[in-house]
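Values quoted throughout were computed directly from the atomic coordinates according to the rules given, and no laboratory measurement underlies them. Predicted model, so just to flag it, every value in this text is computed and none were measured. Positions of Cβ are backbone-derived with ideal geometry, glycine not excepted, and every protein chain shown enters the neighbour counts.
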Amino acid sequence: MNHSRWKTLRERKLTEGFTEPEDVSEARREIRMSMALAQAVYDRRTELGLSQTELAARAGLTQAKISRIEGSDTVPTLPLLARLAVALDATLNIALDDEDTRVEFTAHRTEAA
C-alpha cells in the first residue's frame, strides 16, 4: 500500500472541514509559545557554552527551574525573563502573532579594543 495516502487523524478531519474546539486551538498556541521560548533559551545557553547549572547561577535561579523552562514545563514571568536575558548577555525579542511565534536572544555586541 502507498503510505503517502495515509494521513493523521487531525489532517483528515481538517481536510473534511472539521474545526478544532477553541480551547484546543488555544492550548496549541500556548504550547507553541512555550516551546519557542524553551528553544531560544537552550540555543543561547549552548551558544555560550554554559551548563544549566551555570546559567542558573548567573540568573539567581535553580538548575531545576532552568530545566523546566527549557522543557516547556513552565511559563516564566516577565521579571524572570529579564533575569534570563541578563544572564544570557542578550536582548530578548518576542514576536507574537496569531499563527507565528518568534522568540530569540540577540547577543549584546562588545567592542574589541
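Worth a mention:
- Estimated inter-spin distance, residue 54 and residue 67, nm [label 7 Å along Cα→Cβ]: 1.9
- P(r) histogram, all alpha-carbon pairs of segment 21-107 included - 5 Å bins from 0, percent: 3, 15, 26, 26, 15, 8, 5, 2, 0
- Label positions at residue 108 and residue 25, each projected 7 Å from the Cα along the C-beta direction, are separated by 4.2 nm.
- Sorting 31-43, 92-104, 67-79 by their mean Cβ neighbour count within 10 Å, with the most densely packed peptide first, gives 31-43, 67-79, 92-104.
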